[in-house]
Amino acid sequence: MNSKSISRETPVRKEILSIWEQSYHLISAAEILHHVRKAFPRTHKTTIYRQLESLVTEKIVTPVPRHEGGVMYELTQHPHAHISCKNCGFLAHHSVNGIHATLVRSAHRLGVSPDSILIEIVGMCRKCKK
């Protein structure tokens, strides 16, 4: 990475990253703004979106489109699938190392260099089926 691609480490950026240090989860830009405003009340939503764009470009954070609409964000980590309930929003993660490697090889054979691979299984959980 060259120095032009590394964003300046600002207090707001540190606060955004601290959200994932507290516990791992998907979070929306609105939730990030709410959290950041606790420490920096005058933070504008544009600042949050610019920081998220930078974190995505640097592959620190991954945007995750949701089946119900909108985008959530998570720390970029090992390959995994999201398994979610379309009724209550339950969300679990499942390792997909073998599948991930197969998909990357397939993409490369087709001449595509993947930026990301998103795997989501959507259905109804046990509780909602009852």
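The values are calculated or read from the model by the stated rules, or taken from the named source; none is laboratory data. Quick caveat: nothing in here was measured; it's all calculated off a predicted structure. In this analysis, Cβ positions are derived from the backbone assuming ideal geometry, glycine residues included, and neighbour counts consider all displayed protein chains.
Residue by residue, here is whether (1) of a type outside the set (A, V, I, L, M, F, W, C); (2) on the phi > 0 side of the Ramachandran plot; (3) in contact with a Phe, Trp or Tyr (Cβ under 7 Å, 6 or more places away or on another chain); (4) in contact (Cβ under 8 Å) with a residue 40 or more places away in the chain holds:
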| position | (1), (2), (3), (4) |
| --- | --- |
| Tyr49 | yes, no, no, no |
| Pro65 | yes, no, no, yes |
| Gly70 | yes, yes, no, yes |
| His80 | yes, no, no, no |
| Ser84 | yes, no, yes, no |
| Cys88 | no, no, no, yes |
| Ser95 | yes, no, no, no |
| Val104 | no, no, no, no |
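Within the bounds of the stretch 111-129, is there any residue that is touching a Phe, Trp or Tyr at 6+ places or on another chain (Cβ under 6 Å), assigned to a loop (DSSP other than H, G, I, E, B) and in contact (Cβ under 8 Å) with a residue 12 or more places away in the chain? Among the residues of the stretch 111-129, at least one is touching a Phe, Trp or Tyr at 6+ places or on another chain (Cβ under 6 Å), assigned to a loop (DSSP other than H, G, I, E, B) and in contact (Cβ under 8 Å) with a residue 12 or more places away in the chain, which makes the answer yes.
Note on the stretch 13-72: residues that are surrounded by 16 or more Cβ atoms within 10 Å (Cβ to Cβ), among the charged types (D, E, K, R) and under 15 Å from the mean Cα position of the chain (by Cα) total 1.
Just to be sure, is Leu52 modelled with pLDDT under 90, closer than 26 Å to Ile117 by Cβ and hydrophobic (A, V, I, L, M, F, W, C)? Against the criterion (modelled with pLDDT under 90, closer than 26 Å to Ile117 by Cβ and hydrophobic (A, V, I, L, M, F, W, C)), Leu52 does not qualify. Looking only at the stretch 37-56, which residues are within 15 Å of Val71 (Cβ to Cβ) and of a type in the set (Ser, Thr, Tyr)? Tyr49 - this is the single residue of the stretch 37-56 that is within 15 Å of Val71 (Cβ to Cβ) and of a type in the set (Ser, Thr, Tyr). The condition of being in contact with a helix residue (DSSP H, G or I) (Cβ under 8 Å, 6 or more places away or on another chain) and at pLDDT below 80 holds for only one of His67, His93, His78, that being His78. Against the test of being more than 20 Å from Ser116 (Cα to Cα) and touching a residue at least 24 places away in the same chain (Cβ under 8 Å), the options Arg37, Arg8, Arg13, Arg42 yield a single qualifying residue, Arg13.
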